[in-house]
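The values are calculated or read from the model by the stated rules, or taken from the named source; none is laboratory data. All values reported here derive from a predicted model rather than from experimental measurement. Heads up, the Cβs are rebuilt from the backbone with ideal geometry, glycines too, and the neighbour counts pull from every protein chain shown.
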Amino acid sequence: MKNAHVWLWMLPVVLAYGCDGGPTTPTPTPSVETLAELPNAPTSTVDGRLTCMGKKPPAAAPGAMELTGYVRTLADPDAKQPVPPATVEAFLPDGTSLGSGGVDVTKGGRIAITVPIKAAGFEGYAVVSQTGYLDFRLQSSRAKTTTDLDGWAWLTTPGEIDSRAKALGFDVKAGTGILVGAVHDCDGFGMSNAVVVVGSGNHLVYYVEGFDISPARPYSSSTGRFVAANLDPGTVTVKAFGRVDAGGPLTLLSSAQVTVEAGRMSAIDLQPRTGLK
């Protein structure tokens, strides 16, 4: 079964998303990169609905809305044991706190935090934290305008990250951050055959297949998920590329700036055309 997961969704090195059926044909958009500038770019089209390219998210009813989801740990993805009593705190883009809330361990780790919202939607971010685990910062390239309950924020220990990195043949450097994310259509479904570029393009991006990283995969699988490690703290631009039409040019699908923090994980949801000038 194919599922859409929204907002509190990603797990470090292992992410949980679904995908949908074949793409529709949106209005053609100009190529912004050449194939030569993106090695290993796929020749096939992106697999996902791109009907929202160039469109803004739907207007939201002014007032308040909930950011909702569930907390899980990498060691216990099915929550067979009580989940950690983590906290979630919401922030405006400038870092102003909107308050914090806890995890309801009696309901499988459910999170719900209310944030103020205007017609433009909620453009801030949320941080899930618990002693002994890496903080997990979540944000989207597209303003959030509705309350959707479905998704996970995954907590993992530094030891678990080191173990997975070792299996891939690299060390996680002290003082650096980790970025996880996924390329989605505007309905939250994963997009395959997308290429992700982090910063100047010198950062190695791993793509995720199922519940494991696939070192040999040069572009996203059906879930659109990816991870990049050893990023210097600060703001970094993340871009997703794909071919809208068979045989067409490589096109910029989405672009967003993400704050990377040392010793933490940042998660980004990239949706088509959002954040482009």
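Annotations
- Top-ranked residue in the range 245-260 [being closer than 15 Å to TYR219 by Cβ and aliphatic (A, V, I, L, M); ranked as farthest from the chain's Cα centre (by Cα)]: LEU250
- Check on PRO272, modelled with pLDDT under 90 and crowded, with 17+ Cβ neighbours inside 10 Å: yes
Residues are listed down the side, and each one gets a yes or a no for (1) closer than 30 Å to PRO62 by Cα; (2) modelled with pLDDT of 85 or more; (3) more than 17 Å from the chain's Cα centre (by Cα):
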residue	(1), (2), (3)
LEU134	no, yes, no
LYS173	no, yes, yes
ILE178	no, yes, no
VAL183	yes, yes, no
GLU209	no, no, no
ASP212	no, no, no
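- Here GLU33 meets the list (1) at pLDDT 65 or above; (2) more than 25 Å from TYR125 (Cβ to Cβ); (3) in a loop (DSSP other than H, G, I, E, B) almost entirely, failing just condition (1).
- The residue of the range 185-207 that is farthest from the chain's Cα centre (by Cα), among those that are under 26 Å from THR146 (Cα atoms) and part of a strand (DSSP E or B), is SER192.
- From the list ASP94, ASP104, the lone residue that is free of Cβ contacts under 8 Å to residues at least 60 places away in the same chain, surrounded by fewer than 16 Cβ atoms within 10 Å (Cβ to Cβ), in contact with a Lys or Arg (Cβ under 6 Å, 6 or more places away or on another chain) and of a type outside the set (Val, Ile, Thr) is ASP104.
- All positions within the range 140-195 that are of a type in the set (A, V, I, L, M) and surrounded by fewer than 18 Cβ atoms within 10 Å (Cβ to Cβ): LEU149, ALA167, LEU168, VAL172, ALA174
- Residues (of a type outside the set (Val, Ile, Thr), part of a strand (DSSP E or B) and crowded, with 19+ Cβ neighbours inside 10 Å) located in the range 66-91: LEU67, GLY69, TYR70, ARG72, ALA90
- Any pair with Cβ under 7 angstrom, 6 or more apart, that starts in the range 132-143 at a residue that is farther than 17 Å from VAL183 by Cβ and in contact (Cβ under 8 Å) with a residue 12 or more places away in the chain and ends at one that is basic (Lys, Arg) and part of a loop (DSSP other than H, G, I, E, B): LEU134/ARG264; ASP135/ARG264; ARG137/ARG264
- Any hit, the range 140-153, residues being aromatic (Phe, Trp, Tyr) and either under 27 Å from LEU250 (Cα atoms) or touching a Cys at 6+ places or on another chain (Cβ under 9 Å) (or both): no
- The set of residues in the range 165-183 being of a type in the set (Lys, Arg) and outside any loop (DSSP other than H, G, I, E, B) consists of LYS166 alone.
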